[in-house]
Amino acid sequence: MTREEDDRRMIEEILRLLCQSQEGGQPEASSGLAAAFVQFMNEMPGGFLIYCADKREKILYANQALLRIFQCADMDEFRAHTNNSFRGLVHPDDLDEVEESIRTQIAASQYDLDYVEYRIRRRDGAIRWIEDYGHFVRSEAAGDIFYVFLGDATEKRARSLREKASLVSEQQELLADALAKANLAITSKNTFLSNMSHDMRTPLHAIFGFTALAKLNIGSQEEASGYLDRVEAASRQLLDLIDKVLEVSSMSEIPNTQNAACDLRYILTDVYDFLRPQAKEKDIAFTLDCGGLRSPAVFADQEKLHQLVLYLANNAVTYTNPGGHVSITAELVRDLPHDYAVYQVTVADNGIGISPEFVEKIFDPFSREKNTTLSGVHGIGLGLTIAKNIVDMMGGTLDVRSEVGVGSIFTATFTLRLQAQPDKGQKSNAAAGVPQRILLAEDNDINREIEMELLQRMGFTIDPVENGKEALDKVTYAVPGFYDLVLMDLQMPVMDGWTAARAIRALPDLELSRIPIVALSANVLESDQRRSKESGINAHLLKPMDLALLLQTIEDLTGKKRPEQAAQQEEA
């Protein structure tokens, strides 16, 4: 008896036993029924396999459909191709995973078909994917076996992958579209804010400018001067509201994380000096204590720190009644490894205080316990919101303790990197000389008139132009050193200030290309200021013009005293 005949006899016996189990009857003496089953399985459109559930996994039977899947002409070719084992049927790279999956599924349920997908290598070398539905059977007569239904799933799998890829592509397109719309919304918001700021700051610039000019010209007319002081105060109040609205609206922008060297004592003193006149006018005892501020030289965002302290201290002065007191205390509370330290800035007052109910929402935008009509204090409830946002950006905390009629204590805690201790023997010496000529680029006639008049009164010679292209041409054809500085508006026709600044920085004459450029603009968003820095602009100042700040900036960038100061020093 040949091996094939022996295997067929075993298969027929297995089929007879399976048939007996299914029918619930006794086995027939004839093998005709088993033969009919064999013929039926051979004519099945899908592959069918029976193999031993032992270590070798010997193949007992494979139908004609399975032979076609493997491109084998007969069982001899199939046995030779698979080494007559299920292990030889599965691609070697998938075998361990397939057998582990089958074992797991058998252990989980003895009544369900297990399902696996794996690759095979056909007799012609082609790689195909197979879907395998199998089941384990334990039989005393035939031993432990697996019977398996197999189908070629290569096209189905490829179609599924294409559909998934298409779905992923659609999702990516949807995400890209959503991102584009979000960016468009952000751009639209920033454009609106920028335009609103520009359009509101331009007339404010004129109000401040003409007020300053009028005060310079009215001499001793005290009553008129008082009126102008009130105009200026109202303008500053409006400007403060605009600044705070823009600050809160731009909180979604990427924060400035490029920390620079700065001095905490200087920041605190600057805020103290700024608010001291307001506190004096209200007869408020206003103190600053930096005694615990060892190592004040740090790396930080100086502008944000200044805003933080200013908003906290201004809030305290604003809501403290005449005769009260406000204190600012700064200290280094804990040293950390790697040149870091924890700092605290505390602003305390004995003002009107905050109710327990309102403390919980004190940092919410536009939150005020009493409106302007009831409290008599102007504001829109944004200062503390901005302060909290700044502390959050720094990774710190802002705590508040308050009692109605007793006062409030705000404590900001944050971590900063320390600077190396400076050499006390080193002193800074300003360069000698006096700046004489400023190139002023401003398209607005009123603004140009104001800026020229104020700067000329300070002793400068002003060369005015109306757009960035004219400014570029002036610098390009100037003798090096002719202009000490360019004062540049940003939103101008023909060529804007950013483009002009980049073009100046690209000039082949190195001395001309390095001329200090100061932006004086109503573009106040942080993104506008980053753009100025990226364009090569040395300083970005805001309209309405702060004359003292502008003069200090000119002095810092040129290293020269302004003509008026230089003349006074010579007389002295």
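The values are calculated or read from the model by the stated rules, or taken from the named source; none is laboratory data. Quantities reported herein were computed from a predicted structural model and do not represent experimental measurements. So basically every Cβ, Gly included, is an ideal-geometry build from the backbone, and we count neighbours across all protein chains shown. Note: accessible area is taken over every heavy atom of the protein model, side chains too, but ligands, DNA and RNA are not part of it. Shrake-Rupley method; radii C 1.70, N 1.55, O 1.52, S 1.80 Å.
Pull up region 90-114, narrow it to residues that are touching a residue at least 24 places away in the same chain (Cβ under 8 Å) and either over 23 Å from Glu155 (Cβ atoms) or touching a Leu at 6+ places or on another chain (Cβ under 8 Å) (or both), then point me to the one that is least open to solvent (accessible area, probe 1.4 Å). Within region 90-114, the match that is least open to solvent (accessible area, probe 1.4 Å) is Ile102.
Just the residues that are part of a helix (DSSP H, G or I), in contact with a helix residue (DSSP H, G or I) (Cβ under 9 Å, 6 or more places away or on another chain) and closer than 15 Å to Glu442 by Cβ, please, taken from region 471-497. The answer is Ala471, Leu472, Gly497.
Among the residues of region 548-572, those identified as surrounded by 16 or more Cβ atoms within 10 Å (Cβ to Cβ) and modelled with pLDDT of 85 or more are Leu550, Leu551, Thr553, Ile554, Leu557, Thr558. Pairing each residue of region 275-292 that is closer than 14 Å to Tyr319 by Cα with any residue that is hydroxyl-bearing (Ser, Thr, Tyr), provided the two are 6+ apart or on different chains, yields C-beta distances under 7 Å for Ile284/Thr320. Counting only helices (runs of 4 or more DSSP H) that sit wholly inside region 507-566, those with at least 1 residues that are touching a residue at least 40 places away in the same chain (Cβ under 8 Å) are 526-534, 547-558. When Asp144, Asp177, Asp112, Asp94 are screened for being under 50 Å from the mean Cα position of the chain (by Cα) and either assigned to a strand (DSSP E or B) or closer than 24 Å to Ala53 by Cβ (or both), only Asp94 passes. Asn447 passes every criterion in (1) open to solvent by less than 50 Å² (accessible area, probe 1.4 Å); (2) among the polar types (S, T, N, Q); (3) in contact with a strand residue (DSSP E or B) (Cβ under 7 Å, 6 or more places away or on another chain) apart from (3).
When the residues of region 32-61 are narrowed to those that are farther than 15 Å from Val148 by Cα and surrounded by 15 or more Cβ atoms within 10 Å (Cβ to Cβ), which ends up modelled with the highest pLDDT? Once the filter is applied, the top-ranked residue is Phe37. With the structure loaded, tell me whether Leu18 is at pLDDT 80 or above, assigned to a helix (DSSP H, G or I), of a type in the set (A, V, I, L, M) and open to solvent by less than 70 Å² (accessible area, probe 1.4 Å) or whether it fails that test. Here the answer is no, as Leu18 does not meet what is asked. Counting only helices (runs of 4 or more DSSP H) wholly contained in region 341-431, the ones carrying 1 or more residues that are among the charged types (D, E, K, R) and at pLDDT 65 or above occupy 356-359, 383-393. Applying the criterion of being aliphatic (A, V, I, L, M) and either over 18 Å from Gly151 (Cα atoms) or in a strand (DSSP E or B) (or both) to the residues of region 115-137, the residue that is most open to solvent (accessible area, probe 1.4 Å) is Ile127. Remark: pairs (first residue in region 62-77, more than 19 Å from Val148 (Cα to Cα); second residue assigned to a loop (DSSP other than H, G, I, E, B) and polar (S, T, N, Q); Cβ separation under 9 Å; 6+ apart in sequence or on different chains) = Glu77/Gln71.
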